[in-house]
Amino acid sequence: MDRVSRIAAHLAPVEEKQNTLKQQPTSAFLPNKFNVAVLGAAGGIGQPLSLLLKLSSRIKELRLYDVANTAGVATDLSHISSPAKLTSHTGPQQLADALYGAHLVVIPAGVPRKPGMTRDDLFNINAGIVKTLVEGVAKYCPTAWLAIISNPVNSTVPIAAEVLKAAGVFNPRRVFGVTTLDVVRSNTFVAEILGTDPETTNVPVIGGHAGVTILPVLSASQPPVRLSNEAQRALMERIQDAGTEVVKAKAGAGSATLSMAYAAAKFAEACMRAMSSEDGVVECAYVASSVTELPFFASPLRLGVNGVEEFLPVPPMNMLEKENFEAMKGELKLEEPKIFYSNNAIMTAPGVNPIMVEDLLKPVLLKDLRIQCRARGLNPGGNREVLADRLKEHMLQTGDLTFVAEGSCLPAAPAPIGATGPREPLTENAPGHVQNNYVRPEGQNFITDRPSSRVLAPPGGGSSITLG
């Protein structure tokens, strides 16, 4: 073989490899295989959601994140014979590992709804959780698609948008409030009436994701469903109150965790289909929208490789639906985020009740109760029961459910119950400053939630949280 032939033979494999590389898609995403992070994976929704996602053939790596019990959930799921690789990440120090390189982030973290809880009660706790997690998304995977499940979605999605805007990475085409459960319920209930397959039934649902803001456009159902005004009103109310129906049926033992997990997995699968350049992917979701005068709105969307590709027209409505449409818009305007920032914490809105505070404090360890007492200028001495009662009384008196890590800030004087305005950070010489001999010199603000047993700070500073 002459020199030219040898050179040609040597170069042949390289040329073959180069041709193979040229066939790869130019999209930033891996072809048909994606890294998906579930934040709050050990919670009531997070566990069944993680199970369903583990079964997806589109997932290359499934990253499970929570503040506790993540390793156990991951180990359990790792025994399932499906291709998706599992990784476990516990605590704020490992949030970066869970997020870095993720294509899709799903957030089911937060407290579940319980009997007697209002949307404001949920907001008081879950808003801080979402804020902190989305700060991590902004830092470690700013181009990822973000699917938010944490309620109240009507408020947590705008919060996420503001956090991303502040970081300069907000892409309105890739931030979604998951309202798929409203569509799933509508399809199921209509299919029961028609005697059809719910998987081939399609009812568009517009508006928001709570109470009267959920507007199923039953007149646009496919196949069509013909109902009297009374029957349509009753079905509409059942769809709007379906979450309460589940909470009551579980008698305080949980909320709609299983159906929500199914709906979230369905939406995640749709996102990955769109990322894979599949045509005709249409989902309803709560997004930054131009469909109405409202800044955020749920409506049918066509998804593509870059996120929302098109806002599909709102279906024609009958008179009853038009009446509810106007009422729904008024309610959504009232549900604009109720966030008040002070010292990097989110101030709570009115509506604090003893049950909420007890649930908040129940899982907190003795050492962490002492930290909270010091931060509030309270005596940190005594056993766990004494400290919990002391904190409970203070929280009920002030209406402030925020938690701080050691020495994060100077505590403000107790605010009157019902105060809703933002507070300016207090300095040592400011009027009303409470001299606090218990605050240590280092620390950060954080928001906590029900299952927490630790006070931790995330990588690079910022807020810390606990997840449901």
### Query
Want the number for R384 to L365: 0.36 nm per residue separation, take away the alpha-carbon distance, what's left?
6.1 nm
### Task
Would you pull out the residues with amide H under 5 Å of C284's amide H, same chain only if 5 or more places away, H placed 1.01 Å from N?
L301
#### Entry: Whichever lysines have a C-alpha closer than 24 Å to that of K362, once near sequence neighbours (fewer than 8 apart) are set aside
K114, K131, K248, K250, K392
### Task
Starting from the amide H of F403, placed 1.01 Å from N in the peptide plane, find each other amide H under 5 Å away whose residue is 5 or more places distant or on another chain.
F446, T448
### Query
What is the fewest-to-most order of I214, I149, I371 by other Cβ atoms lying within 10 Å of their Cβ?
I371, I214, I149
### Message
What are the ³J(HN,Hα) couplings of region 166-180, residue after residue, when phi is run through the Karplus curve with 6.51, -1.76, 1.60 and θ = phi - 60°? Round to Hz, x for glycine and proline.
### Response
4, 8, x, 10, 6, 10, x, 7, 10, 10, 10, x, 7, 10, 4
### Message
Quick one: 3J(HN,Hα) in Hz for region 296-302, Karplus 6.51/-1.76/1.60 with θ = phi - 60°, rounded, Gly and Pro as x.
### Response
10, 7, 9, 7, x, 10, 9
### Message
What distance in nm lies between label points placed 7 Å from Cα along the C-beta direction at H79 and K248?
### Response
3.9
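Considering only DSSP beta bridges whose two residues both sit in region 27-338, what percent are antiparallel, to the nearest 5?
Of the beta bridges lying entirely in region 27-338, close to 45 percent run antiparallel.
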## Note on the structure
Taking r as the C-beta separation of K60 and V169 and R0 as 22 Å, the FRET efficiency to the nearest 0.05 is 0.40
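Where a number appears in this text, it was derived from the coordinates with a stated rule and is not lab data. Bear in mind the structure is a predicted one, so any value in this text is a computation, not a measurement. When we count neighbours, we look across all protein chains shown, and the Cβ atoms used for this are built from the backbone with ideal geometry, even at glycine.
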